[in-house]
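J.: Quick one: the structure is below, and I'll ask about it shortly.
Computed from the coordinates by the stated procedures, all read-outs in this text should not be read as laboratory data. What you are looking at is a predicted structure, and each value in this text was computed from that prediction instead of being measured. With ideal geometry, Cβ positions are generated from the backbone for all residues, glycine too; neighbour counts draw on all protein chains shown.
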């Protein structure tokens with residue numbers, strides 16, 4: 001009896017997921033068909049694993065960005081967090097610091113960056129866009145000052161394996177990390193009181209306050225989590241590229257926001273789900289990979305990505321207009 005009920009709930013959940021994401025899933029399918037026709041190597045196992053590895057870093061950021069957008073905020077500093085974490089990791093690894101200590105230090109730095117963002121945003125009336133844009137500039141500038149604009153090389157094989165290794169000889173390790181992060185965020189948003197509070201703050205902050213929601217704590221949590229995800233993405237990219245590059249993460253915040261909005265998250269707050277964000281990240285990753293395979297000029301790729309982001313935001317605007325949230 002219990003197994004039957006569990007199976008029924010699972011099927012209902014799957015049906016609801018496909019119904020909710022029908023439009024974006026069709027878009028994803030069309031992209032796959034077009035690219036596979038133009039480039040036969042697109043659907044090979046090697047390329048698919050490569051795409052999954054590539055989208056993992058964006059998805060770390062997008063998972064956190066989903067929660068921030070739902071809570072009515074935004075975080076533009078995650079790309080610069082990637083850069084500064086990468087060069088710090090590369091430097092201290094070169095000094096012989098144990099890998100576990102490097103990971104801990106980087107995560108703490110990421111949490112500290114998020115805590116600064118969260119404290120300013122939650123305790124003042126400064127717009128999240130301005131606060132995180134300022135932090136983006138500060139961190140990027142600090143990265144250049146720290147490195148003198150040069151790349152920090154890494155030759156520690158154990159560290160490099162964190163970003164380039166495989167589980168069971170097939171699945172890239174970053175995809176394992178992503179699965180853990182995805183499940184964690186899904187559980188927070190769907191199965192906890194904190195998740196309900198995140199939706200409440202983004203939906204109507206004043207009503208949330210009157211309902212007893214601690215808005216300061218909610219905002220602190222989502223920005224600290226975003227900083228930690230930025231640090232995780234920075235470490236993975238650093239390991240994958242064998243270096244800490246001050247240019248790393250440039251534009252990563254836009255890819256993360258695009259993945260969220262494509263996946264149905266509202267820029268107005270109060271609505272979004274990480275399952276949709278995953279599809280959005282896949283679309284961004286497949287576009288990047290497919291356009292490269294088709295040897296389309298990188299400048300045109302930037303234009304196309306901008307068009308996709310604009311279209312996604314416009315669709316979000318239309319949704320809000322129907323709900324009476326847009327003016």
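J.: Classify region 92-145 from the C-alpha gyration tensor, please: rounded if a/c falls under 1.5, else prolate or oblate depending on whether a/b exceeds b/c. Kindly include the intermediate steps, with their values, before the conclusion.
T.: Values: a/c = 5.21, a/b = 1.97, b/c = 2.64.
It comes out oblate by the Cα gyration axes.
J.: Separate question: Given region 203-327 reduced to its alpha-carbon atoms as identical point scatterers, what log10 I(q)/I(0) does the Debye formula return at q = 0.15 Å⁻¹?
T.: -0.89
J.: For region 1-154, how big is Rg over Rh, using alpha carbon atoms and the Kirkwood form of Rh?
T.: Values: Rg = 21.1 Å, Rh = 19.4 Å.
Ratio of gyration radius to Kirkwood radius for region 1-154: 1.09.
J.: So, one more: Scan [x] 1.00; [y] 0.93; [z] 1.05 for the value of Cα Rg over 2.2 N^0.38 Å calculated from this model and give just the label.
T.: Here the calculated entry is [x].
J.: Further, regarding this structure: Using alpha-carbon pairs under 8 Å, 6+ residues apart, how would you state the relative contact order of the chain in percent?
T.: Relative contact order for the chain comes out at 32 percent.
J.: Taking square-rooted eigenvalues a ≥ b ≥ c of the alpha carbon gyration tensor, is region 119-169 rounded, prolate or oblate, where a/c under 1.5 means rounded and, failing that, a/b exceeding b/c means prolate? If you can, show how the numbers build up before the last one.
T.: Details: a/c = 4.68, a/b = 1.82, b/c = 2.57.
Cα axes put region 119-169 in the oblate bin.
J.: Follow-up. Taking only C-alpha pairs under 8 Å that are 6+ residues apart, what is the relative contact order of region 83-158 in percent? Walk me through the intermediate numbers first.
T.: Working: 38 pairs, mean separation 35.3, N = 76.
This gives 46 percent for region 83-158.
J.: Still on this structure: Just to be sure I follow: if Rg is taken over the C-alpha atoms of region 130-219 and Rh is the Kirkwood radius over the same atoms, what is Rg/Rh? Spell out each step's value before the answer.
T.: Working: Rg = 20.1 Å, Rh = 17.3 Å.
The Rg/Rh ratio comes out at 1.16.
J.: Right, another one. Contact order normalised by length for region 42-201, with contacts defined as Cα pairs under 8 Å and 6 or more residues apart; what percent is it? All intermediate terms of the calculation are to be shown ahead of the outcome.
T.: Working: 126 pairs, mean separation 54.3, N = 160.
Taking the mean separation of contacting Cα pairs over the length of region 42-201, I get 34 percent.
J.: Oh, and also: When the helix-only estimate is applied to the chain (DSSP H runs of n ≥ 4, each -39,500 (n - 2.57), divided by the residue count), what is the mean residue ellipticity at 222 nm, nearest 500 deg cm²/dmol? Please list the in-between numbers first.
T.: On the way: 14 runs with 252 residues, N = 327.
Calculated at 222 nm, the ellipticity per residue is -26000 deg cm²/dmol.
J.: Rounded, prolate or oblate: pick one for region 111-267, where a ≥ b ≥ c are the square roots of the eigenvalues of its C-alpha gyration tensor, a/c under 1.5 means rounded, and failing that, prolate if a/b is larger than b/c, else oblate. Write out the running numbers ahead of the final one.
T.: Values: a/c = 2.55, a/b = 1.46, b/c = 1.75.
It comes out oblate by the Cα gyration axes.
J.: Would you give the gap between the C-alpha center of region 72-106 and the C-alpha center of region 178-230, rounded to a whole Å?
T.: So the separation of the two Cα centres works out to 24 Å.
J.: Something else about it: Could you order peptides 57-65, 134-142, 258-266 by the average number of other Cβ atoms within 10 Å of their residues, highest first? Could you put the intermediate results ahead of the total?
T.: Numbers: 57-65: 29.9, 134-142: 17.2, 258-266: 26.6.
Result, highest mean Cβ count within 10 Å first: 57-65, 258-266, 134-142.
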